[in-house]
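Engineer: Sending over a structure as structure tokens; questions will come in a sec.
Every read-out reported here was derived from the displayed coordinates using simple, explicitly stated rules and does not represent laboratory data. Since the structure is predicted, the reported quantities are computational estimates derived from the model, not experimental observations. Counting neighbours? That spans all protein chains shown, and the Cβs are built from the backbone with ideal geometry, glycine included.
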Amino acid sequence: MTTNLGSAGERGSEITGDVTKYLIDGYLPTIGIECHVQLATKTKLFSSVDNDARGAEPNSKVSAIDYALPGMLPVLNREAVRLAARAGRALNAEIARESRFDRKHYFYPDLPKGYQISQMYQPTILSGHVDLPDGTRVRIHHAHLEEDAGKLTHHADHSEVDLNRAGTPLIEIVSEPDIHSAATARAYAEELHALMTYAGVTHGDLYHGNMRFDVNVSVAKVGEPLGTRTEVKNLNSFRSVERAAEHEIARQIAVLEKGEKVVQETRGWDDATGKTTSQRSKEDAQDYRYMPDPDIPPIVLDEAEIAQMQADMPTLPDEYRAKFAALKIDKSVERTILRDQKIATTIAEILDNSSAEIAKRVANLFASSLASDEAEQQLSARLSHDGKSVSDEPRNDARRGRRGKFVGQPTLPSSENLIKLAQIFGANEISSTAEKEIFAEMLKNDRDPRQIAEAKNLLQVSDENAIAEIVGQVLSAPENQKAVADFRAGEEKVIGYLVGQVMKQSKGQANPTLAGELIRDKINQSKENK
């Protein structure tokens, strides 16, 4: 069925199909997400100051323009426009032939001008859409260029302001309210992150706020107008997006069930308590007194310029998904390897240069190494927080040596060595445990896997005569006679115990598959001889 989720004036949408799968206690959640994406430019949006202030001293990456000193005029960074055009391509959106900047007025200590330069009326990126892996389509209303504000740190009796982030170039991607569950909200945030990082629009460092999500949530009975929405601000992890949406849905339903009204407001998220708290009443557009910025000329682009900006787009996540269909890997494995572009590229190279079986083996190795019950947290910590990204993207951080790779950062093994590792395992030269140990070593230092196996004494013995001798010793040992008798009597499971004894005696080097076969053969032969 088709359910009207609100009038056009309420930014409503229509959902086709069975909405009962989204209902919670008879209420239909409706979610829209605004995502601030920090563009990967060298300098800020309107000044020549370094755009990457991670690890820098407070207020050390600021110019007279960022301080808004009298007489200072902004100069638009053309690279920000180019990256916005590429973001639009990734969002399946049209790029405006003419866009303009506006002043969004409000006073805040970390915004020296007293207004933010944004795009209210004529954004650069027009409507588009993002298709999620489960087939859900989330429409994009628009995305606009704007500058970021600074950062306030509050203490008991005072607050500190850091303007390093003031003037940082952003695009704000505004979705339509097409999301109806917390899980879908997370999936959308993950896909948006992948699209923006794969397209080279942003470094995507969630820990340092390269992408921040504002989640707008409302609930209403089916067929009724959209409920009053609240906005949960500045979420910087996929897990927080999901948990905050879950909490806010439950909170609003509880409010309505008491016969009370949901208040339109901005709320903050406390990850420790798992709750949202009220911050301030939600402003509307008129409260900001938007006006055209007289200092910045309009951005006028023709077809040729846009085509040039969008040329040589890299392979995007959906294209990798289509390629990886040949691997027949679990969706959780696919999701994990797609979280890092260089891993996805490596798996694709392996598929092109070897076989689906080997590429699948390597994909599972990466997934088991990087994923856990808290996959998003582990990956976020590994790829950004701890500075241990498998990406070699240059980054500014106190933990780095020279501008470039982090000191002690894991490397991404070459596709050639990864193919060798999978082949060694496929030939039963190493166990699955040894394979993981070698892979972990290769993440530290990309070396030939056979050399690692030899150095760590991990190669399995597959000499039939040598293993047969050990098997004979195990089967004749007095302490193993009950297990041998049990196997003769048809208890198949004791074979595992006997193989374990062979592995113990060989110090883990015997090929367990061959050992099992020899054990069966010897016991069966002894049965026949009797």
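Engineer: Could you tell me how many degrees, from 0 to 90 and to the nearest 10, lie between the Cα long axis of helix 341-353 and the main elongation axis, the longest principal axis, of the Cα atoms of the chain?
Structural biologist: With both axes taken from Cα atoms, the answer is about 50 degrees.
Engineer: Cross-link list K323/K444; K456/K482; K444/K507; K21/K233; K360/K522; K151/K233: which exceed 24 angstrom alpha carbon to alpha carbon? Walk me through the numbers on the way to the answer.
Structural biologist: Working: K323/K444 28 Å; K456/K482 35 Å; K444/K507 26 Å; K21/K233 27 Å; K360/K522 36 Å; K151/K233 14 Å.
Check vs 24 Å cut-off fails for K323/K444; K456/K482; K444/K507; K21/K233; K360/K522.
Engineer: Cα atoms only: what Rg and Dmax, in Å, come out for the chain?
Structural biologist: Values for the chain (Cα only, Rg and Dmax): 29.0, 104 Å.
Engineer: Lysines within cross-link reach of K258: Cα-Cα under 17 Å, excluding same-chain residues under 8 positions apart?
Structural biologist: Leaving aside lysines fewer than 8 places away in the same chain, those within reach of K258 are K221.
Engineer: Loop only by DSSP, 14 or fewer other Cβ within 10 Å of the Cβ. Give me the trypsin sites (Lys or Arg not before Pro) in segment 23-62 that pass, ordered by residue number.
Structural biologist: Those satisfying the criteria are K42.
Engineer: Search the structure for amide H atoms under 5 Å from the amide H of D102, placed 1.01 Å from N in the peptide plane, and list their residues when 5 or more places away or on another chain.
Structural biologist: Long-range HN contacts for D102: S118, Q119, M120, D293.
Engineer: If the cut-off is a Cα-Cα distance under 18 Å, which aspartates and glutamates reach K113, setting aside same-chain residues fewer than 8 apart in sequence?
Structural biologist: Within the straight-line limit of under 18 Å, K113 reaches these aspartates and glutamates: D66, D102, E146, E147, D148, E160, D162, D287, D293, D295.
Engineer: Give the long-range amide H neighbours of I140: residues separated by 5 or more places, or on another chain, with amide H under 5 Å away, using H modelled in the peptide plane at 1.01 Å from N.
Structural biologist: Here the answer is G128, H129, V130, E176, since their amide H atoms fall under 5 Å of that of I140.
Engineer: Dipole of the chain, Cα-centred, from +1 at each Lys and Arg C-beta and -1 at each Asp and Glu C-beta, to the nearest 20 debye?
Structural biologist: That gives the chain a dipole magnitude of about 840 debye.
Engineer: Please list, in order along segment 184-192, the HN-Hα scalar couplings obtained from phi with the Karplus expression 6.51 cos²θ - 1.76 cosθ + 1.60 (θ = phi - 60°), rounded to whole Hz, x for Gly and Pro.
Structural biologist: 5, 4, 5, 4, 5, 4, 5, 5, 4
Engineer: If I fit a long axis through the Cα atoms of helix 512-529 and take the longest principal axis of the Cα atoms of the chain, what angle between them do I get, 0 to 90°, rounded to 10?
Structural biologist: The answer is roughly 30 degrees.
Engineer: Could I ask something else about it? Note down the Stokes-Einstein diffusion coefficient of segment 464-529 in µm²/s, whole number, using a Kirkwood radius over alpha carbon pairs, 20 °C, and 1.002 mPa s. Show your work: numbers first, answer last.
Structural biologist: Working: Rh = 11.6 Å.
Result for D is 185 µm²/s.
Engineer: Mind listing the phi-derived Karplus ³J(HN,Hα) values for segment 130-145, rounded to whole Hz, using 6.51, -1.76 and 1.60 with θ = phi - 60°, and x for any glycine or proline?
Structural biologist: Result, rounded to whole Hz: 10, 9, 8, x, 7, x, 5, 10, 10, 6, 9, 5, 5, 9, 10, 7.
Engineer: Report the one residue of F487, S355, L192 whose Cα lies farthest in the direction of the positive end of the charge dipole of the chain (charges on C-beta: Lys and Arg +1, Asp and Glu -1; origin at the Cα centre).
Structural biologist: The one lying farthest along the dipole's positive direction is F487.
Engineer: Above 31 angstrom, tally the Cα pairs of segment 24-308 and express them as a % of all pairs, no decimals. Please report the intermediate quantities before stating the final value.
Structural biologist: On the way: 11410 of 40470 pairs.
Cα-Cα pairs in segment 24-308 separated by more than 31 Å: 28 percent.
Engineer: Continuing with this model, one more query. Tell me which residues come under 5 Å, amide H to amide H, from R165 once H is placed; ignore anything under 5 positions away on its chain.
Structural biologist: It is K151, by chain and number.
Engineer: Follow-up question, since we're still on this one. In vacuum, with every alpha carbon of segment 75-168 counted as one equal point scatterer, what does the Debye formula give for log10 I(q)/I(0) at q = 0.13 Å⁻¹? Two decimals, please.
Structural biologist: Result of the Debye calculation: -0.59.
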